[in-house]
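Below is one structure, written out as structure tokens; comments come after it.
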Amino acid sequence: MRDFRPDLGTVERTAKRLSGHDGGRALMFLASDDGAGTTSAAVSMALRAEAIAARAVWLVDLDLTENSAFKAFQAPPFEEEGALSRPYDASLGKAPIYALSPETRLEAEARGSAKLLCVHQVGARRLLVTRLRTERLEPAQRIRFRDSPDWWPAVRTAADWIIVDAPSLSRSGAGLAVARHMDGVILVLRAGQTAADDGVSLRREVEGAGGRVAGLVLNAMDPMVHRLTAGRLRAGDRASGG
């Protein structure tokens, strides 16, 4: 993980211009492939948002099996932000954003409250990070993300900012499934490995799913230079030579 807070000023300014629908702003980070630094960018942005928020910031991890955003606060550099609290129910009384197969009797009885999805407060901050309680799953159970249109408005009423860490499209379509619920989507590209044409293709996929691309971050992964550069992606962009 990398702390990109100093490099996300442009993203923050862009996000502030987004109009939240009936509550807090919702901003999602999404990449085409693994290794682009999406979780680092999302966690860093959530911490920046918390510094200016009057109410809570929810960091929502759509990778329900890995819980990468939650784990980020248990290792450098983000473990210094404070110990994670005990879990709190994150269902908000709405249908869950996951489905289990096969569904156990216990889960069927608790379906309305969706107790498997929880949030943890990060230290004394007004920052909550989601986690799916995978330890409660039975060995043969599989979990998949599913859209829950009523859940997102409920989160907006509870938070000033909702920052969403989406798994790469090469592994999951969860990001596209919720793109229409976001005020903006930030594309995360890996410098030297992601051509501008690939970014344009990702933009078109997001817009085809009803989402709005608000900008991009380019992750320079060279070990001597760990930084993000931010900007806007246009349909006519092309990769530069050299």
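Give me the extension gain from Asp22 to Arg125: residue separation times 0.36 nm, minus the current Cα-Cα distance, reported in nm with one decimal. Numbers along the way, then the final one.
Numbers: separation 103, 0.36 × 103 = 37.08 nm, distance 2.38 nm.
Net length gain for the segment: 34.7 nm.
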**Complete:** Taking every other residue with Cβ under 14 Å from the Cβ of Ala75 and scoring Lys and Arg +1, Asp and Glu -1, one gets -3
**Request:** Pull up all non-local amide H partners of Leu169: gap of 5 or more, or a different chain, and H-to-H distance under 5 Å with H placed in the peptide plane.
**Result:** Ala31, Ser32, Asp33
**Message:** Can you sort Arg144, Arg55 by solvent-accessible area, 1.4 Å probe, largest first?
**Reply:** Arg144, Arg55
**Message:** Going by amide H atoms built from the backbone, whose H comes under 5 Å of the H on Arg190, apart from near neighbours?
**Reply:** Asn219
**FRET efficiency estimate (nearest 0.05) - Cβ-Cβ, Asp197 to Ala83, R0 35 angstrom** = 0.20
**Prompt:** Short version: ³J(HN,Hα) in whole Hz for each residue of the range 166-178, in order, from phi by Karplus 6.51 cos²θ - 1.76 cosθ + 1.60 (θ = phi - 60°), x for Gly and Pro, what are they?
**Reply:** 9, x, 4, 5, 5, 10, 7, x, 4, x, 5, 5, 9
**Request:** Return the Cα extents of the range 1-81 along principal axes one, two and three, sorted largest first, each rounded to a whole Å.
**Result:** 31, 28, 22
**Prompt:** Each residue of the range 155-164 in order: what ³J(HN,Hα) in whole Hz does its phi give by Karplus 6.51 cos²θ - 1.76 cosθ + 1.60, θ = phi - 60°, with x for Gly and Pro?
**Reply:** 5, 4, 6, 9, 9, 7, 9, 10, 9, 10
**Request:** Pop out the ³J(HN,Hα) list for the range 84-99 in order, Karplus 6.51 cos²θ - 1.76 cosθ + 1.60 with θ = phi - 60°, rounded to Hz; leave Gly and Pro as x.
**Result:** 7, 6, 5, x, 10, 4, 10, 6, 6, x, 10, 4, x, 8, 8, 9
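For Asp147 and Glu12, compute 0.36 nm times the residue count separating them, minus their Cα-Cα distance, and round to one decimal in nm.
That pair, Asp147 and Glu12, stretches by 46.0 nm at full extension.
The values are calculated or read from the model by the stated rules, or taken from the named source; none is laboratory data. Just so you know, these numbers come straight off a predicted model, no measurement behind them. Please note: Cβ atoms are built from the backbone with ideal geometry, for glycine as well, and neighbour counts cover all protein chains shown. Calculation scope for accessible area: heavy atoms of the full protein, side chains included, ligands and nucleic acids excluded. Shrake-Rupley method; radii C 1.70, N 1.55, O 1.52, S 1.80 Å.
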